[in-house]
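Chemist: So that we are looking at the same thing, I have put the structure below in structure tokens.
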């Protein structure tokens, strides 16, 4: 069968969205809502016992600072806000492709200790490191590149 020159093949250019909820989603949401509701209940009760100064709609939002502390602790490995400097500033250095400077999780802690700890250096990934001060970044680059 010969195709007509006026016919063309039609291709799909998008993927069908297949949202498959795992069996862990709703139990996890139930646990999170239970924790959130318990927190709100405790804050509401303590507020009622004291001055009743917090507006009713702000009581559930009092958990937000603790969630932010948990997220930053997971991301930067410390509850100390001084260790969160890579979030906003720093000098990022791309490591060369050579094997002699590749950072593995084993020697990453040694590198951090050698250059002043988490207050001065942060390992972004296995290809990049970030220094808080420009002087430290320049000295590292001069010694290793």
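Chemist: So if I average 1/r over every pair of distinct C-alpha atoms in segment 80-145 and take the inverse, what Kirkwood radius in Å does that give?
Modeler: 12.0 Å
Chemist: Quick one: if the Förster radius is 22 Å, what FRET efficiency do residue 84 and residue 110 give, using the C-beta to C-beta distance and rounding to 0.05?
Modeler: With a Förster radius of 22 Å, E is 0.50.
Chemist: Quick check: pseudo-label points 7 Å beyond the Cα along Cα→Cβ at residue 94 and residue 143, how many nm apart are they?
Modeler: With each label placed 7 Å out from Cα toward Cβ, I get 2.4 nm.
Chemist: From zero up to wherever the largest Cα-Cα distance of segment 29-145 sits, split into 5 Å bins and tell me the percent of pairs in each.
Modeler: 2, 10, 16, 17, 11, 8, 7, 8, 8, 7, 4, 2, 1
Chemist: Here's something else I'd like to know. Would you work out if segment 25-79 is rounded, prolate or oblate? Take a ≥ b ≥ c from the square roots of the eigenvalues of the alpha-carbon gyration tensor; rounded if a/c is under 1.5, else prolate when a/b is larger than b/c, oblate otherwise.
Modeler: Because a/c hits 1.5 or more and a/b fails to exceed b/c, segment 25-79 counts as oblate.
Chemist: Now a separate question. By how many nm would the segment from residue 39 to residue 54 grow when fully extended, if each residue of separation counts as 0.36 nm and the alpha-carbon distance is taken off?
Modeler: Full extension of this stretch gives 4.0 nm more.
Chemist: Give the calculated FRET efficiency between residue 32 and residue 75 to the nearest 0.05, with a Förster radius of 25 Å applied to their Cβ-Cβ distance.
Modeler: Plugging the Cβ-Cβ distance into 1/(1 + (r/R0)^6) gives 0.85.
Chemist: Cα centroid distance between segment 115-135 and segment 40-55, in Å?
Modeler: Between the Cα centre of segment 115-135 and that of segment 40-55, the gap is 43 Å.
Read-outs: derived from the displayed coordinates by stated rules, not from any lab. Only a predicted model underlies this, so the values are computations on that prediction, with no experimental measurement involved. A quick note on method: Cβ atoms are made from the backbone with ideal geometry, for glycine too, and the neighbour counts reach across all protein chains shown.
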